[in-house]
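The values are calculated or read from the model by the stated rules, or taken from the named source; none is laboratory data. If you're wondering where the values come from, they're calculated on a predicted model, not measured in any experiment. In this analysis, Cβ positions are derived from the backbone assuming ideal geometry, glycine residues included, and neighbour counts consider all displayed protein chains.
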Amino acid sequence: MSTNPIITLNIGGTLFHTTHQTLSLTGPTSPLSSLPLPSPSSPPPFFDRDPDLFSHLLSFLRSGLPPSPSLLPSLLAEAEFFSFPPPLLSKLSLPLHFNPFALSPSLSLHLNGRDRISSVSVSPSSSVLSVAHGCKVTTFTPSLLHKSTVLTPLPFIDVVLPLTSSLGAAGAKDFPGLHLVNLLETSPPEVLHWAPHPSLANSSTVLAIGYSPNLLFSSFESCRRNSNAIVAFDLEKFEPVLEIGRKEIFAAEIDTAIPATKLSWINNLGLLMAAGSHAGPAGFSGYVKFFDTRANRLAFEIEEKNSDCFADVAASDSLLSVFKVGVSSGDVYVTDLRKIESFDNWTLIGEGRRSGDMKKKEGLGCKMECYEKNVFVSREGEVEMWSQAAMAEEEQKVMKRNFMGRGKEGEDKKKITQLAFGGNRMILARKDEMCLEVPRRCGCSLVNQTIQ
């Protein structure tokens, strides 16, 4: 018998002939890879699907080349039905480059229940979208079809991160442990802990989650809120391999133990960025630290002890820069990661029109994210975008500012509370809304242009 037998399939009444080797490319979880060998006495396996779409899928498996962009949404949904592995799904979902200038009308993704949305994140490997609302995690496929809604032991989830298409990490500020959640069905999760002291085992809460290609990072704070650390776990066995930046409160020095509330991996430099801030009687203070995880050492630290501490901060792997939005002024600042060791001060982007009255706290509540070569800042109900453009004549870096998501004149949009990116999409969550917004095609208006 041939080592690569011919397989016949009945797709919606149309017969297809292909090889076992081609179907095995769909991965071990796909029904196509586990079809029985052909037998004269048995009819071909039947799948009630569109034969035209399956023809394009079969061509994609044979050639490895993505089909026409107009077919991608339909083919992605078809590939998800047949449980294609994440690498193949990525080829069908990511060829369309992210173009923020072509986003405006929104698709709404509705959620079960009445709980507010507390965290939104996209898987770095499978483009799966996970949303935390209340004690639940809702997952959407790369084609934005509802996949599952699962319950967790956490009374309220503050942060969630999908690691694969079937596994996610979730944590809460007032409930102990980093929970590894099954995104396919409700089941008891595995819980990872950090013990600052033997008497305080299994009691530390989670404030932030991050990832690198090999490690899962979690920012823990002790139940007494007098110590904190970042713990790195192996992504295969989820065993702790590093304790990073442990801090303890000494006497009245509260600033000595501000926990990290944002973790970002800078792949091009192999550094973990950890940022945290605190509002006290003397105003806002915080830090942005960069850790070399290979040597388990602090590479550099930016201390924020001024009147315009960051409201949020984000690192751009593409631009090799760190951006912040000032909590008092609302202005956007940048510093070059390649010159971080000689850091002196942040560089203001734009004209700084909001920096007149520092008592207004213009940046309070602003969210900031970097994606590709763009920087996004939420401002109440709209998104401010800064993008880099080339100026060949002067050889200068130019940052252009645009506003996205502006409603019609007189229309007030609710405040944006969550901002996430993945593939060629931007995902928004608004205050008191039980659904997500996914901006799609159309334009946004250019408001201002500045040169840095």
Looking at E303 and the list (1) modelled with pLDDT under 85; (2) of a type in the set (D, E, K, R); (3) closer than 25 Å to K247 by Cβ, which single condition is not satisfied? (1)
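One line per residue, one yes/no per condition, for (1) modelled with pLDDT of 85 or more; (2) hydrophobic (A, V, I, L, M, F, W, C); (3) closer than 24 Å to S125 by Cα:
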{"position": "W194", "(1), (2), (3)": "yes, yes, no"}
{"position": "S203", "(1), (2), (3)": "no, no, no"}
{"position": "N214", "(1), (2), (3)": "yes, no, yes"}
{"position": "F217", "(1), (2), (3)": "yes, yes, yes"}
{"position": "R224", "(1), (2), (3)": "no, no, no"}
{"position": "K237", "(1), (2), (3)": "yes, no, yes"}
{"position": "A251", "(1), (2), (3)": "no, yes, no"}
{"position": "D255", "(1), (2), (3)": "no, no, no"}
{"position": "T261", "(1), (2), (3)": "yes, no, yes"}
Please go through the stretch 210-253 and pick out each residue that is under 18 Å from D158 (Cβ atoms) and touching a residue at least 60 places away in the same chain (Cβ under 8 Å). G210, Y211, I230
Quickly run through the stretch 278-301 and pick out the residues that are surrounded by fewer than 20 Cβ atoms within 10 Å (Cβ to Cβ), in a strand (DSSP E or B) and in contact (Cβ under 8 Å) with a residue 24 or more places away in the chain. H278, G280, G283, S285, L298, A299, F300
Residue within the stretch 191-204 that is closer than 18 Å to S118 by Cα and either touching a strand residue (DSSP E or B) at 6+ places or on another chain (Cβ under 6 Å) or of a type in the set (K, R) (or both) present: no
Mind checking which pairs have a first residue in the stretch 135-151 that is at negative phi and a second that is basic (K, R) and not in a loop (DSSP other than H, G, I, E, B), Cβ under 7 Å, 6 or more apart or different chains? T139/K147; F140/K147; T141/K147; T149/K136; V150/K136; L151/K136
Scanning for something within 28 Å of V241 (Cβ to Cβ), part of a strand (DSSP E or B) and over 16 Å from the mean Cα position of the chain (by Cα), does the stretch 104-121 turn up at least one residue? no
Being within 28 Å of V131 (Cβ to Cβ) and free of Cβ contacts under 8 Å to residues at least 40 places away in the same chain narrows A169, A275, A260, A201 down to just A275
Determine which member of the set T347, T335 is at pLDDT 80 or above, of a type in the set (S, T, N, Q) and surrounded by 15 or more Cβ atoms within 10 Å (Cβ to Cβ). T335
Within the stretch 32-53, identify whether any single residue is touching a residue at least 40 places away in the same chain (Cβ under 8 Å), in a helix (DSSP H, G or I) and surrounded by 11 or more Cβ atoms within 10 Å (Cβ to Cβ), and answer yes or no. yes
So which residues in the stretch 11-29 are within 19 Å of A77 (Cα to Cα) and either in a strand (DSSP E or B) or touching a Pro at 6+ places or on another chain (Cβ under 8 Å) (or both)? I11, G12, T26, G27, T29
Hand me the list of strands (runs of 3 or more DSSP E) wholly inside the stretch 304-354 holding 2 or more residues that are touching a helix residue (DSSP H, G or I) at 6+ places or on another chain (Cβ under 7 Å). 321-326
In the stretch 359-388, what residues are touching a residue at least 40 places away in the same chain (Cβ under 8 Å), part of a loop (DSSP other than H, G, I, E, B) and within 22 Å of S277 (Cβ to Cβ)? G363, L364, G365, C366, K367
Would it be correct to say that L320 is touching a residue at least 40 places away in the same chain (Cβ under 8 Å) and either of a type in the set (K, R) or crowded, with 21+ Cβ neighbours inside 10 Å (or both)? no
Of the conditions (1) at pLDDT below 80; (2) among the small types (G, A, S); (3) surrounded by 16 or more Cβ atoms within 10 Å (Cβ to Cβ); (4) farther than 22 Å from N374 by Cα, S83 clears all except one; give me its number. (1)
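This table checks each residue for (1) surrounded by fewer than 17 Cβ atoms within 10 Å (Cβ to Cβ); (2) in contact with a Lys or Arg (Cβ under 8 Å, 6 or more places away or on another chain); (3) part of a strand (DSSP E or B).
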position	(1), (2), (3)
P153	yes, no, no
G171	no, no, yes
G177	no, no, yes
S187	yes, no, no
W194	no, no, no
I209	no, no, yes
S219	no, no, yes
R224	yes, no, no
